[in-house]
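Colleague: Take this structure, written in structure tokens, and hold onto it; I'll ask about it next.
The values are calculated or read from the model by the stated rules, or taken from the named source; none is laboratory data. Fair warning: this is a prediction, and the values are worked out from it, not measured in the lab. Here Cβ is always computed from backbone atoms with ideal geometry, including for glycine, and neighbour counts include all displayed protein chains. Ligands, DNA and RNA are stripped out before the accessible areas are found, and what is left, the full protein with its side chains, is counted by its heavy atoms. Shrake-Rupley method; radii C 1.70, N 1.55, O 1.52, S 1.80 Å.
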Amino acid sequence: MVTGVQPVRGDQDMGSTAARRGTSRRTKAMALGAAGIVLVAGIGVTSVAFWQDKEFVTGGVNGIGASTFDVEQNVAPVATTTGWTTNLPNPGGTVNFGALASKLTPGDTVYGGVRLRTVAGSLAAANVTLNSLVTTGGGGVADSLTYGARLLASGTDCSSSSYAAGTAITATDADAMSANGTTPFTLVADGANTAGAERTVCFKIAMSASAPTSSQGQKVTAVWRFDANS
């Protein structure tokens, strides 16, 4: 007697296989999900991990700073290579107007010069103006004197003939002793190791032919200042 239908083994096998396949799919899905988490986490770590390097540079082979600028004077004749000096306080170097300058008589004229140049190390040319400071003297002698100033060619000493050929830097050749120069001039600069080419400023001082007798034996102090700007 048949008590019941027994399941076909093949059906059992098919069910078991399907179950196993479902389990396998879930396992793979979980594995892929876990792998996905790991993968995402891996991307996050990679995005903040990088090699680093730092490079520095410093400006200027000899550093960065200001240049120097200065003008020096020499009251000696052009043939004299020594005697250059700078930053002398008032009254500065003494211009040689010759022995006659201390004993002028009405109608006399004397000449004297000063050489100027930029010092070695000056990298800019100098723009120079002439200014006359307070002139003092008793007996009206200052009022009896006039002056003029001219710029001479490089390497030229001051004399009556070179003065005549020079370039005027005062308004006239017979300005009052207290008058300032009116025409600036330039001193070139030759760089770090060489002084600039020198120029001579030639002064002419004359005593009026109508100077009063009260001027006899009186002295005058005349000081000129050169203002140089780079």
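Colleague: Can you confirm whether ASN96 is in a loop (DSSP other than H, G, I, E, B), touching a residue at least 24 places away in the same chain (Cβ under 8 Å) and not acidic (Asp, Glu)? Give the steps one after another, and end with the answer.
Modeller: Values: in a loop (DSSP other than H, G, I, E, B): yes; touching a residue at least 24 places away in the same chain (Cβ under 8 Å): no; not acidic (Asp, Glu): yes.
Taking the combined requirement at face value, the residue does not satisfy it.
Colleague: From the set of residues in region 124-150 that are under 32 Å from the mean Cα position of the chain (by Cα) and surrounded by 17 or more Cβ atoms within 10 Å (Cβ to Cβ), which is nearest to TYR163 (Cα to Cα)?
Modeller: Narrowing region 124-150 to residues under 32 Å from the mean Cα position of the chain (by Cα): 124-133, 149-150.
Remaining after also requiring surrounded by 17 or more Cβ atoms within 10 Å (Cβ to Cβ): 125-126, 128, 130, 132, 149-150.
Values: ALA125: 24, ALA126: 22, VAL128: 19, LEU130: 16, SER132: 19, ALA149: 8, ARG150: 6 Å.
Step by step, filter region 124-150, then rank; the result is ARG150.
Colleague: If you don't mind, there's one more thing I want to ask. Can you name every residue in region 34-65 that is at pLDDT 75 or above and open to solvent by 100 Å² or more (accessible area, probe 1.4 Å)?
Modeller: Scanning region 34-65 gives PHE50, TRP51, GLN52, ASP53, LYS54, GLU55, PHE56, VAL57, THR58, VAL61, ASN62, ILE64.
Colleague: Separate question: Kindly establish whether THR105 is surrounded by fewer than 13 Cβ atoms within 10 Å (Cβ to Cβ) and on the phi < 0 side of the Ramachandran plot. Lay out the reasoning, then the answer.
Modeller: Details: surrounded by fewer than 13 Cβ atoms within 10 Å (Cβ to Cβ): yes; on the phi < 0 side of the Ramachandran plot: yes.
Taking the combined requirement at face value, the residue satisfies it.
Colleague: Sticking with this structure for a sec: Search region 217-230 for residues being touching a Ser or Thr at 6+ places or on another chain (Cβ under 7 Å) and at pLDDT 90 or above, and hand back the single one that is surrounded by the most Cβ atoms within 10 Å (Cβ to Cβ). Don't jump to the end; show me each part of the working.
Modeller: If we filter region 217-230 for residues that are touching a Ser or Thr at 6+ places or on another chain (Cβ under 7 Å), which is where we start, we get 220-222, 224, 227.
With at pLDDT 90 or above added as a condition, the list becomes 224, 227.
On the way: TRP224: 20, ASP227: 14.
Across region 217-230, the extreme among qualifying residues is TRP224.
Colleague: Can you work out which of the residues in region 205-230 that are assigned to a loop (DSSP other than H, G, I, E, B) and under 39 Å from the mean Cα position of the chain (by Cα) is farthest from TYR111 (Cα to Cα)? Step through it out loud before you land on a result.
Modeller: First pass over region 205-230, keeping only residues assigned to a loop (DSSP other than H, G, I, E, B): 208-212, 216-219, 222-223, 230.
Next, only the ones that are under 39 Å from the mean Cα position of the chain (by Cα) stay: 222-223, 230.
Working: ALA222: 14, VAL223: 15, SER230: 29 Å.
Step by step, filter region 205-230, then rank; the result is SER230.
Colleague: Using the structure shown, decide if GLY112 is touching a residue at least 60 places away in the same chain (Cβ under 8 Å) and farther than 24 Å from SER214 by Cα.
Modeller: On the way: touching a residue at least 60 places away in the same chain (Cβ under 8 Å): yes; farther than 24 Å from SER214 by Cα: yes.
For GLY112, the condition - touching a residue at least 60 places away in the same chain (Cβ under 8 Å) and farther than 24 Å from SER214 by Cα - is met.
Colleague: Identify, from the list SER178, SER214, SER162, SER210, the residue that is within 15 Å of ASN131 (Cα to Cα), surrounded by fewer than 20 Cβ atoms within 10 Å (Cβ to Cβ) and touching a residue at least 40 places away in the same chain (Cβ under 8 Å). Walk me through how you get there before you give the answer.
Modeller: Details: SER214 fails: within 15 Å of ASN131 (Cα to Cα); SER162 fails: within 15 Å of ASN131 (Cα to Cα); SER210 fails: within 15 Å of ASN131 (Cα to Cα).
Result of the check over SER178, SER214, SER162, SER210: SER178.
Colleague: Considering only residues of region 103-144 that are hydrophobic (A, V, I, L, M, F, W, C) and in contact with a helix residue (DSSP H, G or I) (Cβ under 8 Å, 6 or more places away or on another chain), which is modelled with the lowest pLDDT? Explain how you work it out, then say what you get.
Modeller: Narrowing region 103-144 to residues hydrophobic (A, V, I, L, M, F, W, C): 104, 110, 114, 116, 119-120, 123-126, 128, 130, 133-134, 141-142.
Next, only the ones that are in contact with a helix residue (DSSP H, G or I) (Cβ under 8 Å, 6 or more places away or on another chain) stay: 110, 141.
Details: VAL110: 96, VAL141: 87.
Here the residue is VAL141.
Colleague: Taking region 157-204 on its own, how many of its residues are assigned to a loop (DSSP other than H, G, I, E, B), closer than 22 Å to SER102 by Cα and touching a Phe, Trp or Tyr at 6+ places or on another chain (Cβ under 9 Å)? If you could, list the steps in order and put the result at the bottom.
Modeller: The initial filter retains those residues of region 157-204 that are assigned to a loop (DSSP other than H, G, I, E, B), namely 157-159, 166, 169-174, 177-184, 188-198.
Subset that is closer than 22 Å to SER102 by Cα: 157-159, 173-174, 177-179.
From what is left, the residues that are touching a Phe, Trp or Tyr at 6+ places or on another chain (Cβ under 9 Å) are 158-159, 173-174, 177, 179.
Residues that pass the stated criteria total 6.
Colleague: Filter region 66-93 down to the residues that are of a type in the set (S, T, N, Q), loosely packed, with under 10 Cβ neighbours inside 10 Å and without any contact (Cβ under 8 Å) to a residue 24 or more places away in the chain and list them by number.
Modeller: THR81, THR82, ASN87 - these are the residues of region 66-93 that are of a type in the set (S, T, N, Q), loosely packed, with under 10 Cβ neighbours inside 10 Å and without any contact (Cβ under 8 Å) to a residue 24 or more places away in the chain.
Colleague: Look through region 105-128, keep the residues that are assigned to a loop (DSSP other than H, G, I, E, B) and in contact with a Leu (Cβ under 8 Å, 6 or more places away or on another chain), and return whichever of them is farthest from ARG199 (Cα to Cα). Talk me through it step by step, then tell me what you get.
Modeller: Taking region 105-128 and keeping what is assigned to a loop (DSSP other than H, G, I, E, B), we get 105-108, 119-121, 123-125.
Now restrict to residues that are in contact with a Leu (Cβ under 8 Å, 6 or more places away or on another chain): 108, 125.
Values: ASP108: 26, ALA125: 13 Å.
Here the residue is ASP108.
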